[in-house]
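Colleague: Just passing along the structure, written as structure tokens.
The values are calculated or read from the model by the stated rules, or taken from the named source; none is laboratory data. In this text, all values refer to a predicted model and were calculated from it rather than measured experimentally. Note that each Cβ is placed from the backbone with ideal geometry, even for glycine, and that neighbours are counted across all protein chains shown.
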């Protein structure tokens, strides 16, 4: 199956949420079991409800009677057989019973407190993060999903997984040859099937950069392409969107506040002027000079400079 075919079939990389309280949901779940799409079923809903009660009142952990009462209050007026939902993962043939979305998110994000407050968590749920490049970028996407520090994650990458990528991508050898965006999307969906995922399976190009950036509140640049890096920044400057870039050397993180800058301020903290950045969007080949503009050899480690020399 080609990357475009996989893109068309969203159920090949995004969980299907089924509501067992509706006639349609009951029918759909039965169909998936009958046709073999669901091969394994996991139902730990009782434990999830107990955990929900305990995070609302930690003292219940040592009080079985109080815990049973709290669980009863959570389920008051609800039919156990239709409570919650099913998340069906087409690519593994598994169905997992989960809490309703709001309660799921409440439990999922409980360990964030109070490093991330409830008010901040609610605000982050409304944010969209775009990630370009899903080698190093896959780790960023997965961590954002784990913390739930965005409600929507947009993935952009045109490349397929190769053996040499496995030094930095959370993937297995059984996924070699698979589009990187599918690997990332599945990983996100498996940790939180309620997070909204959008994909740009051709990466970012001059034809789609506008539609990509306009959706984002912040962009993470983790791509290798020179033209793509230029396109991201030119459009981000135009739309006042901040860009973050990790150079994977000495823990260096570039935070580029294009929401606060103008063309006169330049790009990459003033290292690249507007005219130069425009010229770079049509170039694919890196030179020592262009590498230095983005990375700053003087600040790089010795091993980092040796690695860059191989590009």
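Colleague: Could you list, in sequence order, all residues of segment 132-147 that are within 21 Å of residue 242 (Cα to Cα) and part of a helix (DSSP H, G or I)?
Modeller: 136, 137, 138, 139, 140, 141, 142, 143, 144, 145, 147
Colleague: How about segment 167-214: which of its residues are touching a helix residue (DSSP H, G or I) at 6+ places or on another chain (Cβ under 6 Å), closer than 15 Å to residue 138 by Cβ, in a helix (DSSP H, G or I) and touching a residue at least 40 places away in the same chain (Cβ under 8 Å)?
Modeller: 182, 183, 184, 187, 188, 191
Colleague: If you don't mind, there's one more thing I want to ask. In this structure, is residue 99 in contact with a helix residue (DSSP H, G or I) (Cβ under 7 Å, 6 or more places away or on another chain) and outside the structural domain of residue 150 (by TED's automatic domain parsing)?
Modeller: yes
Colleague: How about segment 240-258: which of its residues are under 17 Å from residue 135 (Cα atoms) and touching a strand residue (DSSP E or B) at 6+ places or on another chain (Cβ under 6 Å)?
Modeller: Selection gives 244, 245, 246, 253.
Colleague: Working carefully through the options 153, 116, find the one that is in contact with a strand residue (DSSP E or B) (Cβ under 6 Å, 6 or more places away or on another chain) and either surrounded by 23 or more Cβ atoms within 10 Å (Cβ to Cβ) or in contact (Cβ under 8 Å) with a residue 12 or more places away in the chain (or both).
Modeller: Criteria check complete, one pass: 153.
Colleague: Considering only residues that are within 29 Å of the chain's Cα centre (by Cα) and either at pLDDT below 95 or farther than 21 Å from residue 78 by Cα (or both), which ones fall in segment 18-32?
Modeller: 28, 32
Colleague: Would a scan of segment 225-239 turn up a residue that is closer than 30 Å to residue 18 by Cβ and either touching a strand residue (DSSP E or B) at 6+ places or on another chain (Cβ under 8 Å) or assigned to a helix (DSSP H, G or I) (or both)?
Modeller: no
Colleague: Also: Which members of segment 240-271 meet the condition of being farther than 22 Å from residue 210 by Cα and part of a loop (DSSP other than H, G, I, E, B)?
Modeller: Result: 247, 248, 249, 250, 251, 252, 269, 270, 271.
Colleague: Related question: What do you reckon, is residue 135 out of contact with any strand residue (DSSP E or B) (no Cβ under 9 Å at 6 or more places or on another chain), farther than 30 Å from residue 42 by Cα and in contact (Cβ under 8 Å) with a residue 24 or more places away in the chain?
Modeller: Yes.
Colleague: For segment 62-72, does any single residue satisfy the condition of being touching a helix residue (DSSP H, G or I) at 6+ places or on another chain (Cβ under 7 Å) and surrounded by fewer than 17 Cβ atoms within 10 Å (Cβ to Cβ)?
Modeller: Yes, the conditions are met somewhere in segment 62-72.
Colleague: Residue check: is residue 285 in the same structural domain as residue 135 (by TED's automatic domain parsing), surrounded by fewer than 16 Cβ atoms within 10 Å (Cβ to Cβ) and either in a helix (DSSP H, G or I) or at pLDDT 85 or above (or both)?
Modeller: The answer is yes for residue 285.
Rundown of residues vs (1) in contact with a helix residue (DSSP H, G or I) (Cβ under 9 Å, 6 or more places away or on another chain); (2) surrounded by 14 or more Cβ atoms within 10 Å (Cβ to Cβ), yes/no style:
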| residue | (1), (2) |
| --- | --- |
| 244 | yes, yes |
| 255 | no, no |
| 259 | yes, yes |
| 262 | yes, no |
| 268 | yes, yes |
| 281 | yes, yes |
